[in-house]
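Remarks on the structure that follows.
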There are 2 protein chains.
Amino acid sequence: MSQPDPKRVKTDDDAPYELIYWPVIPGRGEFVRLVFEEAGVPYSDVAQNIEKGMNAVKSLTSTDNIGNEHNPPALAPPALKHGDLLISQTPNILLYVAPRVGLAPKEGNGVYHLNEIVLTILDGLVNELHDTHHPIAISLYYEDQKEESKKKSGYFIKERLPKYFKYMQRVLDAKTSGEGPWLYGDSLTYADLVLFQAVDGTKYAFPKSTEALKKSGEYDGVFKLYDAVKERPNISKYLQSDRRRKYSEGIWRYYPELEE
Amino acid sequence: MSQPDPKRVKTDDDAPYELIYWPVIPGRGEFVRLVFEEAGVPYSDVAQNIEKGMNAVKSLTSTDNIGNEHNPPALAPPALKHGDLLISQTPNILLYVAPRVGLAPKEGNGVYHLNEIVLTILDGLVNELHDTHHPIAISLYYEDQKEESKKKSGYFIKERLPKYFKYMQRVLDAKTSGEGPWLYGDSLTYADLVLFQAVDGTKYAFPKSTEALKKSGEYDGVFKLYDAVKERPNISKYLQSDRRRKYSEGIWRYYPELEE
């Protein structure tokens, strides 16, 4: 028997990236997909197969799941498998992947500045938008909390949307945003992909309100960055592929009555 | 003039830690304070002076704030200043500080596992608890969204609290939790401090419901860990000091009617 070729011995970093997320919807899995797509790094996506995807998520979120010898259990998808490692929580997955695929610095202050921007967009804009159609309980149908949803959406459109757009514009106006349309430094980072997806989902869920923000002229940097990401060759190809899910249920839903 | 003594030239890691947070309430600043207190690492806390604290937070959160040459602007406190670096977002501050003060590994999988556990507790249990008294809008008084608060609290107590306690217990039951009462590995990490504060705040806001969880016997590991943190010498001293704020407004509020 010949010795194994050292080049073929897989190190952790050579292990395949495997995304575990709900099938059908874009959801939070989309933030992870965009990073791999922009970087041109191969990844498997269990959500490509509805049955396999559902089973993988059910097994992940089962209350019998107490992890394994390498990893604590996850509460919710998305999760990412990379060799023996299994991690969850969107900003945590991005923190792990982005420096490995060239979309974030590997060390130094930029690690924490990018994580801060991403946490603010995800924990703020994305989570609050979700709660506009589920203000009372995630276990209730939208129809059973519609009145509260209308009330919450009114405040969201009037107060919270401008607050988050203003924040993103301020980050772009900061000296740390450098040359080009990007949030941090002189080149695209994973924070720009997070902004793109957060704005894209907001456009879908609250089209009139997002258009009004655009027309105000106060957030030109945000919309310019949105366009710049959309036109990236790899992102553009991805958005036209069937790997990109259509919006339907999940975080970003379109209920016209919530904009009235 | 004599040359400066090289030992006195401050490197970034020697710079003082300065916490910026609202005065009076414990709030999210508490997660950061507990890390410094347990580690016995000096930090300044602008909230110690009400006027200075209010001014620091107002300046941080001003929409005119576009950061400085080293840092992008923050959206909200807590923020941490360390030399030239200024960072915000609670889990981000903890990610930065904990390995520097010996409460988290500096590299490897543990970095991501701990960040995952902390994000799940903060983004889940803590944020959802906050929303029980502000389900419609943060800009409205509680009294103006009391009916919705009651409705949301019912679901929170019945569905969400047990979900998060079960998650924390599962992490403790995992092989990665090691010897001792700790969430991850064989010794205390910053995740244990986060669990302590999250449970302590929950006990204050929903005392009957937390007592019922304790009596069920299903989450013994969680309550054992809570006690183990509370009894740590540095934490015990801190909790008895006037540096520890009393609960009042903020995330953790006690409205008896929300438990009825």
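The values are calculated or read from the model by the stated rules, or taken from the named source; none is laboratory data. Here the structure is a predicted model, which means the values were calculated and not measured. In this analysis, Cβ positions are derived from the backbone assuming ideal geometry, glycine residues included, and neighbour counts consider all displayed protein chains. Areas reflect the complete protein model, heavy atoms only, side chains present, ligands, DNA and RNA absent. Shrake-Rupley method; radii C 1.70, N 1.55, O 1.52, S 1.80 Å.
A DSSP coil position with no more than 13 other Cβ atoms inside 10 Å describes the following trypsin sites (Lys or Arg not before Pro) in the range B:41-120: B:Lys106.
Model label sites at A:Val101 and A:Lys58, defined 7 Å from Cα along the beta-carbon direction, differ in position by 2.9 nm.
Residues considered: B:Asp227, B:Asp200, B:Asp84. Largest GNM mean-square fluctuation over chain B, using C-alpha springs under 10 Å, is found at B:Asp84. Both chains summed, the buried accessible area for B and A stands near 5000 Å², from protein heavy atoms and a 1.4 Å probe. Mean residue ellipticity, 222 nm, helices only, the protein assembly as shown: the sum of -39500 (n - 2.57) across DSSP H runs of n ≥ 4, divided by residue count and rounded to 500, is -13500 deg cm²/dmol. Taken over the alpha carbons of the range B:17-101 as equal point scatterers, the Debye sum produces base-10 log I(q)/I(0) values at 0.25 Å⁻¹ of -1.35. Average 1/r across all pairs of distinct alpha carbons in chain A, invert it, and you get the Kirkwood radius: 19.6 Å. Rolling a 1.4 angstrom probe over the protein assembly as shown with all protein chains present gives an accessible area of which 49% lies on carbon and sulfur atoms. For the residues A:Asp131, B:Asp173, a 1.4 Å probe over the protein chains yields an accessible-area ranking, largest first, of B:Asp173, A:Asp131. The Cα-based radius of gyration and maximum Cα-Cα distance (Dmax) for the range B:109-232 are 15.2, 48 Å.
Per residue, the accessible area of chain B comes to 45 Å², computed with a 1.4 Å probe over protein heavy atoms only.
For B:Glu18, project a label point 7 Å along Cα to C-beta. Then give me every residue of the range B:62-93 with its amide nitrogen under 13 Å of that point. The answer is B:79-87.
Given a cut-off of under 8 Å on Cα pairs at least six residues apart, what relative contact order in percent is computed for chain B? The normalised contact order for chain B reaches 20 percent. Computed from the C-alpha gyration tensor, the three semi-axes of the ellipsoid equivalent to the protein assembly as shown are 31, 29, 28 Å, from longest to shortest. Restricting the chymotrypsin sites (Phe, Trp or Tyr not before Pro) of the range B:68-154 to loop positions (DSSP other than H, G, I, E, B) with no more than 14 neighbouring Cβ atoms within 10 Å leaves B:Tyr141.
What the phi angles of the range B:18-28 give under the Karplus curve with 6.51, -1.76 and 1.60, with θ = phi - 60°, is a coupling list of 10, 8, 10, 7, 4, x, 6, 8, x, x, 5 Hz, glycine and proline written as x. Compared with the direct C-alpha span, the chain from A:Glu143 to A:Glu51 gains 30.4 nm at full extension, assuming 0.36 nm per residue. Normalised by the number of residues in the range A:109-232, the average gap of Cα pairs under 8 Å and 6 or more apart makes the relative contact order 23 percent. Each residue of the range A:217-224 is assigned a 3J(HN,Hα), and the resulting list reads x, 8, 10, 4, x, 5, 6, 5 Hz, derived from the Karplus form 6.51 cos²θ - 1.76 cosθ + 1.60 (θ = phi - 60°), x at Gly and Pro.
A point 7 Å from Cα along Cα→Cβ stands in for A:Val24, and the other copies hold the same point at 4.8 nm, listed in rising order. Taking every alpha-carbon pair under 8 Å whose residues sit at least 6 apart, the range A:17-101 reaches a relative contact order of 35 percent. Per-residue mean of foreign Cβ neighbours for B:94-106 is 1 (Cβ atoms of other chains, 10 Å radius). Ordering A:Asp123, A:Asp192, A:Asp64 by accessible surface, largest first, gives A:Asp64, A:Asp123, A:Asp192; the 1.4 Å probe counts only protein heavy atoms, with every chain in place.
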